[in-house]
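The values are calculated or read from the model by the stated rules, or taken from the named source; none is laboratory data. Quick caveat: nothing in here was measured; it's all calculated off a predicted structure. Don't worry about glycine lacking a Cβ; one is built from the backbone with ideal geometry, like all the others, and counts go over all protein chains shown. Remember, those area values only see protein heavy atoms, side chains included, never the ligands or the DNA or RNA. Shrake-Rupley method; radii C 1.70, N 1.55, O 1.52, S 1.80 Å.
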Amino acid sequence: QVQLVESGGGLVQAGGSLRLTCAASGRTAAMGWFRQAPEKEREFVAGISRSGGSTVYADSVKGRFTISRDNAKNTLYLQMVSLKPEDTAVYYCAARTGTTSYSSNYLPQFNFYGDWGQGTLVTVSS
């Protein structure tokens, strides 16, 4: 069980960039970013393995977003470039703890994660 705190959200013009940060209170295994727009279900954005060696992206953000982590700082990042109005959403950080192995195919599944942050709002204007 870890505490997760997202930051870095805000208002940005289409085509601009933002970097989201998720600070964890302790060590984590796999981590991911999800987002939820008004009146829509939460959707997967990007996931990363414990070591950072494996990453998975939603097709809608592939080539524009980059997920990374700094385990020495217990911190997860999401670098977002070429932002579009459809990227507007509350972005949530998620973490899995434990030592068991797993396939990267699980990274997009929200039930795979046990801990969630409070979310940070990203608004992209046209």
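Here is how the numbers come out for the structure above:
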read-out	value
Qualifying residues in the stretch 23-39 (those that are part of a loop (DSSP other than H, G, I, E, B) and within 12 Å of Gly117 (Cβ to Cβ)) - the one least open to solvent (accessible area, probe 1.4 Å)	Thr28
First in the stretch 64-85 and within 17 Å of Gly117 (Cβ to Cβ), second anywhere and open to solvent by 40 Å² or more (accessible area, probe 1.4 Å) and among the aromatic types (Phe, Trp, Tyr), Cβ under 6 Å, 6 or more apart	Ser68/Tyr77
All positions within the stretch 70-99 that are of a type in the set (Val, Ile, Thr) and assigned to a strand (DSSP E or B)	Thr75, Val90
Some residue of the stretch 96-115 being open to solvent by 20 Å² or more (accessible area, probe 1.4 Å) and closer than 18 Å to Thr21 by Cβ	no
Close pairs from the stretch 100-119: first in a strand (DSSP E or B) and modelled with pLDDT of 95 or more, partner open to solvent by less than 100 Å² (accessible area, probe 1.4 Å) and of a type in the set (Ser, Thr, Tyr), Cβ under 6 Å, at least 6 apart	Trp116/Tyr92
